[in-house]
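K.L.:
Pasting a structure below so you can have a look.
The values are calculated or read from the model by the stated rules, or taken from the named source; none is laboratory data. The model shown is predicted, which means the values in this text are computed figures rather than measured ones. Ideal geometry is used to build each Cβ from the backbone, glycine not excepted, and the neighbour counts take in all protein chains shown.
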Amino acid sequence: MDILIAIADDEALFRRGMRLILEDYSGLKVIIEAENGQHLLDCIRASDELPDVLLLDLKMPLMGGIEAAEIIRREFPSILIVVISSHFSKAFIINMIEIGASAYLGKNTAPDEVVETIRMVREKGFYYNTEVMGIIRENIMSPMQTRANREQIIDITNREKEVLQLICEECTTQEIADRLFISVRTVDGHRNNLLSKLGCRNTAGLVVYALQNGLVNLK
Amino acid sequence: MIALALVMISYSSRAQRRILTQRMENQAAELRHQQELLQRNLLVQEEERQRIAAQLHDDIGSKLGVLHLAFHRLRRADRTEKSTEPMYEEINTLISNALETTRRISHELLPPTLEDFGLLEALSEFFESVRKTGAVSVHFDHNVARSDFPNPATELHLFRIVQELTSNSLKYASAHNISVHLTKADDNAIQLHYRDDGNGFDQETMISKGLGFRNLQNRTKMIGAEFQVRTAPGQGFEMNITLPLSRS
């Protein structure tokens, strides 16, 4: 089945170029092109099928990507958000990841990497490249964190901790099941428990929470 | 005779005093006028920077983004042809560099972080980039929130002040350590305390000669703040800015 994609960027030629590139790869289909946040919301609301992945620019007139992402997380939590922005700095990246973006790419990312990111995000729920991972880890214990409640006692079982570790290592559900000799359904159960215990809304949120609170060890 | 002489002397001294007063008033007016001009200049300069940053980002940056995509399409269509590969690689590097340079210049003119996330985040990012040069170690802490600042213009001027001070510490003072504290002692004022351990300088020459210093002076005045400077040759540099907060 094709991965359905929405593109939001105020530069029409960029949208067109991106669409032509994506559709040159197999299994990717662009169903929405929007020129700003409001237009994007209108298109999604009017569309018969929801996009799986949204490629989102941040600086757009009328409604920017930050505001649009917040609304989409609430209204359409299943849509995976991949930010593509020329603002590649810590405050922007951390903010978008806290909102629930599944990936963050610079505007100069090569198309191969964009396609790879779309596929990984679809498969694993998130895909943070080395730079973004570095920024998340640098941000450990920084005052920017609004979501993570440090007072809260983190009460998760050892099994859940193992699952969390493997999620952060970018394993798919099937891979986690194989590694831990449990069923896919059990893995899903653990993931859901983790989401509710840690107050996260998606896998991307779990990874950020785990990294920022030192719940996992990554080499 | 004597009386006449006295009258004349008193008259002339009064006239002299009048001329002197007049001259002082003129000087004061001149000074005020100069200051207004400088402040006006600063405002125009900020508007210019904003405009150029926006145009760089929106026009050149986004066109380069489009070019980048078009280039990759061409390269993909031509991927079986091996002889052109080195040329593609060269063009790819050129486009990437041009994109990065455009982004950097536009960010230096006006950091987008300042606009979207405020002074504290912008300063953190700025100091991070200063640290990365390896020339100086920077300590920055604060106990204020973004909402404590009255408006974006104040945040922008404070940012420029810290930028200017930092560039002085690096360029002229050869400082090894910079420390910056932003504190809110009570509800009435925010204090910005800047300090370096560089060469320091003679305050007299700084005040009379440096345009940088006059810009600092004008910026603090424009946001309604007051400042004290403590420095002497070999003694480092210290500046304290007090920004009164009107309670509303």
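K.L.:
Looking at the stretch A:151-185 only, could you name the residues that are surrounded by 16 or more Cβ atoms within 10 Å (Cβ to Cβ) and over 28 Å from A:Thr130 (Cβ atoms)?
P.N.:
Scanning the stretch A:151-185 gives a single hit, A:Ile182.
K.L.:
Of everything in the stretch B:63-122 that's of a type in the set (S, T, N, Q) and either within 7 Å of chain A (Cβ to nearest Cβ) or in a helix (DSSP H, G or I) (or both), which residue is nearest to B:Pro152 (Cα to Cα)?
P.N.:
B:Thr113
K.L.:
Can you tell me which residue in the stretch A:1-43 is farthest from A:Arg122 (Cα to Cα), limited to those that are in a strand (DSSP E or B) and not aliphatic (A, V, I, L, M)?
P.N.:
Ranking the qualifying residues of the stretch A:1-43, first place goes to A:Glu33.
K.L.:
With the structure loaded, tell me whether A:Ile7 is within 18 Å of the chain's Cα centre (by Cα), within 14 Å of another protein chain (Cβ to nearest Cβ) and modelled with pLDDT under 95 or whether it fails that test.
P.N.:
For A:Ile7, the condition - within 18 Å of the chain's Cα centre (by Cα), within 14 Å of another protein chain (Cβ to nearest Cβ) and modelled with pLDDT under 95 - is not met.
K.L.:
What's the total number of residues in the stretch A:83-104 that are within 12 Å of chain B (Cβ to nearest Cβ) and in a strand (DSSP E or B)?
P.N.:
2
K.L.:
Can you name the residue in the stretch B:43-59 that is away from every other protein chain (no Cβ under 11 Å) and crowded, with 16+ Cβ neighbours inside 10 Å and, of all such residues, is nearest to B:Pro152 (Cα to Cα)?
P.N.:
Per the criteria, the residue is B:Glu46.
K.L.:
Out of the residues in the stretch A:33-82 that are within 14 Å of chain B (Cβ to nearest Cβ) and surrounded by fewer than 16 Cβ atoms within 10 Å (Cβ to Cβ), state the one that is farthest from B:Glu121 (Cα to Cα).
P.N.:
Here the residue is A:Pro61.
K.L.:
Another one. For the list (1) modelled with pLDDT under 90; (2) more than 30 Å from B:Ala145 (Cα to Cα); (3) not in a loop (DSSP other than H, G, I, E, B), I need the number of the one condition that A:Asp155 fails.
P.N.:
(3)
K.L.:
Mind checking which residues of the stretch A:44-73 are assigned to a helix (DSSP H, G or I) and in contact (Cβ under 8 Å) with a residue 60 or more places away in the chain?
P.N.:
A:Ala68, A:Arg73
K.L.:
Touching a strand residue (DSSP E or B) at 6+ places or on another chain (Cβ under 7 Å), in a helix (DSSP H, G or I) and surrounded by 18 or more Cβ atoms within 10 Å (Cβ to Cβ) - does that describe any residue in the stretch B:130-141?
P.N.:
Yes, there is a match, as at least one residue in the stretch B:130-141 is touching a strand residue (DSSP E or B) at 6+ places or on another chain (Cβ under 7 Å), in a helix (DSSP H, G or I) and surrounded by 18 or more Cβ atoms within 10 Å (Cβ to Cβ).
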